[in-house]
Amino acid sequence: MGDYGTPLSILTRRFARLPGIDRIVLLASNAAWDEPILREAREIGLDFEVFSRAEVIEQSLSNRPERWGLPNGKGIETWTGTAFTRVAEKFRWDGLILVPLSHLLVDRAGVEESLRLHQREGFDATFAEDRVPGGGWAILENNLLRGMQASHPDLMAARGGLLWALLKPLYPFRIGAFHAPRDRSPLAADLRLNRERVARVLAEAGGNDFADPGFSYGRWIRGLDWQRVYTDFAPTIAHIEPTNNCRGKCVSCPQPSLKRPKGYLESGIFVRLAEKLVGVDDCRWILSGMGEPLAHPGIKEMAERLRGRLVLLETSLSEELSTDFPWDALTHVRVSVDALEQGMFEKLRPGCSWNRIEQFIQEAALRKERRPDEEPEIGVTLVKHSATDSIALAFLQYWKQVCTPVFRTHFFRWPIVVPTEKVQWFQILGASDFLGAIQYPGKVRYTPLNRRTCLHGTLGFHILCDGRVTICPFDIEGQWAIGRIEANGAGVMDIWGGETARAFRKMHLEGAFNEKWPCGDCQDWYHS
């Protein structure tokens, strides 16, 4: 970590001689990848305990937080309770303060204050809230761990089972929250040290006291330096429009009135994109835009090239389904439904097929049942506008009966053998005027008092089917394009690291909008 030392040495130095703490112990697995950390613990004289990977019950891939790539996770969803219980019992501890080694933003002052809160209120468990992943910790009483281990050894052995049991809650636990509302990150970011981007951020923007006991999370998180390094590194979203052709003429969709010529993304441009961005380990791909992605003649090849990455395909299924499409190359498929029955669907979405959507969901459910970890997660959505406002609540109520999104239950299913649900998530989407391209079709405009930093403007790379790179997915005509990717010319990082793009991101990070951009008056920044 630059000049700061290793993560283990940083946290050991930061929490040395913490009042009320007996000792610091490293808990690691017997897997080969943990051996270097255990070797370092031996060298610096740090106590350590080792647990067996073979004893850990793994959740399916669909139930793991990394599968969903959401930025608001606690960052501690993968813990296993059995290992903690054994350590607490061995040392006869009253409880434990748990700090993941990847959480280098945990500060000493915060831990001390949370421990006082925990002891004063007599909590069974206390979690740090309002912090980014990478800045969280937990305090657990040994009595809680011992009781859970005795009554639910299988749940305690499952990865993520302990957190699920505490937050559900499985029993009337006394759960405490150490809040830090004034220290909210202005940028939605995952700052756990498990990707190259975060290593760069912490090494370059850690600050003078990063490895010391005086490090302050609140002071650090409000700074601009880390946000600049985080956003300049690379996009976290590659939003690709394969084509702007679509058979549908859906209510509230501006596609039928597009002024730019209809076309398809050149394969050479997509190859350049994939070659540069596939190596960015936290970049999520979205195949969407002002057309039906399945209408692109090379969409199968695109999906195959992105295999192994986080890939969301947004579709209305307005094209005939191919029997050999590689659905398993995708991680998520979002189907636009906008209705609860066929009659209303055909009024709202002329040119689209209700029967095709039903067929797809049935076939996808069968594939998912056979291969739950290989097939994509399926979601259904409704865009809330004047014509759908009356059924929005019924849409939610219906799909709540059909499925329980895994991210609503802390990325865990219990028991683990529960069959995969027919649809894995459902969502209400807000209507948009697409930066003034159409009249706003909704009844009520969502206008929060405090505007957070726009993910589209700071971390999204948006490519139209003609190769132009624009500021966000709502610039449907490319009016505010900041460059063009060419098969043998300008590439992704040339544009991302260019002066125009850097100045545009700086404007968003500082919240000082230049009049030449439409961002100051935009109300669609929360669609992310």
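Of the beta bridges DSSP finds with both residues in the chain, what % are antiparallel, to the nearest 5?
For the chain, the DSSP antiparallel bridge percentage is about 25.
What dipole magnitude, in Debye to the nearest 20, does the chain give about its Cα centre under +1 on Lys/Arg Cβ and -1 on Asp/Glu Cβ?
720 debye
Which cysteines does the chain leave without a neighbouring Cys Cβ under 4.7 Å?
Cys246, Cys283, Cys352, Cys403, Cys454, Cys465, Cys472, Cys519, Cys522
Whenever you get a sec, compute what percent of the accessible area on the chain sits on carbon and sulfur atoms (1.4 Å probe).
Carbon plus sulfur share of accessible area: 49 percent.
Quick one: grab the alpha carbon gyration tensor of region 200-308, order the square roots of its eigenvalues as a ≥ b ≥ c, and give me rounded if a/c is under 1.5, else prolate or oblate depending on whether a/b is larger than b/c.
Note, shape of region 200-308 comes out prolate.
Tell me, what HN-Hα J-couplings in whole Hz come from the Karplus equation 6.51 cos²θ - 1.76 cosθ + 1.60 at θ = phi - 60° for each residue of region 331-342, using x for Gly and Pro?
9, 9, 10, 9, 9, 7, 10, 6, 7, 10, 8, 5
Sort out for me the Cα centre separation of region 137-199 from region 1-74, rounded to whole Å.
Between the Cα centre of region 137-199 and that of region 1-74, the gap is 15 Å.
Under a 1.4 Å probe, what is the accessible area of region 87-170 per residue, stated in Å²?
37 Å²
What does the charge count around Val280 come to, taking other residues whose C-beta lies under 13 Å from its C-beta (Lys +1, Arg +1, Asp -1, Glu -1)?
Details: positive: Arg195, Arg197, Arg200, Lys276, Arg284, Arg309; negative: Glu196, Asp232, Glu275, Asp281, Asp282.
Residues close to Val280 contribute a combined charge of +1.
Of Val271, Val229, which has the most accessible area and how do the rest follow, probe 1.4 Å?
Highest to lowest solvent-accessible surface, that is Val271, Val229.
Taking 8 Å as the Cα distance limit and 6 or more residues as the minimum spacing, I'd like the relative contact order of region 187-305 as a percentage.
With pairs under 8 Å counted, the relative contact order is 31 percent.
Just from its helices, what would the mean residue ellipticity at 222 nm be for the chain, if runs of 4 or more DSSP H residues each count -39500 (n - 2.57) and the sum is divided by every residue, rounded to the nearest 500 deg cm²/dmol? Before the final figure, lay out each step's value.
Details: 19 runs with 167 residues, N = 528.
The helix contribution divided over the chain gives -9000 deg cm²/dmol.
Tell me, what HN-Hα J-couplings in whole Hz come from the Karplus equation 6.51 cos²θ - 1.76 cosθ + 1.60 at θ = phi - 60° for each residue of region 305-313, using x for Gly and Pro?
Once rounded to whole Hz, the list reads 5, 9, 4, x, 9, 6, 10, 10, 9.
Of the labelled options (1) 38, 32, 27; (2) 42, 28, 22; (3) 36, 27, 22, which one gives semi-axes √(5λ) of the Cα gyration tensor in Å as computed for this structure?
(2)
Take every Cα pair under 8 Å in region 339-457 that's 6+ residues apart, average their separations, divide by the length, and report that relative contact order as a whole percent. Spell out each step's value before the answer.
On the way: 106 pairs, mean separation 33.8, N = 119.
Dividing the mean separation by the residue count of region 339-457 yields 28 percent.
Answer rounded, prolate or oblate for region 400-528, using the Cα gyration tensor with square roots of eigenvalues a ≥ b ≥ c: rounded when a/c is under 1.5, else prolate when a/b is larger than b/c, else oblate.
Prolate, since a/c reaches 1.5 and a/b exceeds b/c.
Give me the distance between the Cα centres of region 242-309 and region 356-408, rounded to whole Å.
22 Å
Between Trp79 and residues 5 or more places away or on another chain, which pairs have amide H atoms under 5 Å apart, with H built 1.01 Å from N, and which residues are they?
It is Gly160, by chain and number.
Would you grab the residues whose amide H sits under 5 Å from the one on Phe461? Only those 5+ places off in sequence or on another chain, please, with H modelled 1.01 Å from N.
Here the answer is Ile237, Ala238, His239, since their amide H atoms fall under 5 Å of that of Phe461.
Would you pull out the residues with amide H under 5 Å of Phe51's amide H, same chain only if 5 or more places away, H placed 1.01 Å from N?
Close amide H contacts, sequence-distant or interchain: Ala28, Ser29, Asn30.
Could you work out how far the C-alpha centroid of region 75-96 sits from that of region 483-528, in angstrom?
Spelled out, the Cα-based centre of one part sits 46 Å from the other.
Using only alpha carbon pairs under 8 Å that are at least six residues apart, calculate the relative contact order of the chain and give it in whole percent.
Reported relative contact order: 14 percent.
Lys/Arg Cβ at +1, Asp/Glu Cβ at -1, dipole of the chain taken about the Cα centre: which of Ala138, Leu287, Pro7 is farthest positive-ward?
Positive-end residue among those listed: Ala138.
Taking the highest mean first, how do the peptides 106-117, 32-43 order by number of other beta carbon atoms within 10 angstrom per residue?
106-117, 32-43
Is region 232-384 best put as rounded, prolate or oblate by its Cα gyration tensor, with a ≥ b ≥ c the root eigenvalues, rounded for a/c under 1.5, and otherwise prolate when a/b is larger than b/c, oblate when not?
Verdict is oblate for region 232-384.
The values are calculated or read from the model by the stated rules, or taken from the named source; none is laboratory data. On a predicted model such as this, the values are computed, not experimentally measured, just so you know. FYI the Cβ positions are ideal-geometry reconstructions off the backbone, even for glycines, and counts take in every protein chain you see. In case anyone asks, the SASA skips ligands and DNA or RNA and just uses the protein heavy atoms, side chains included. Shrake-Rupley method; radii C 1.70, N 1.55, O 1.52, S 1.80 Å.
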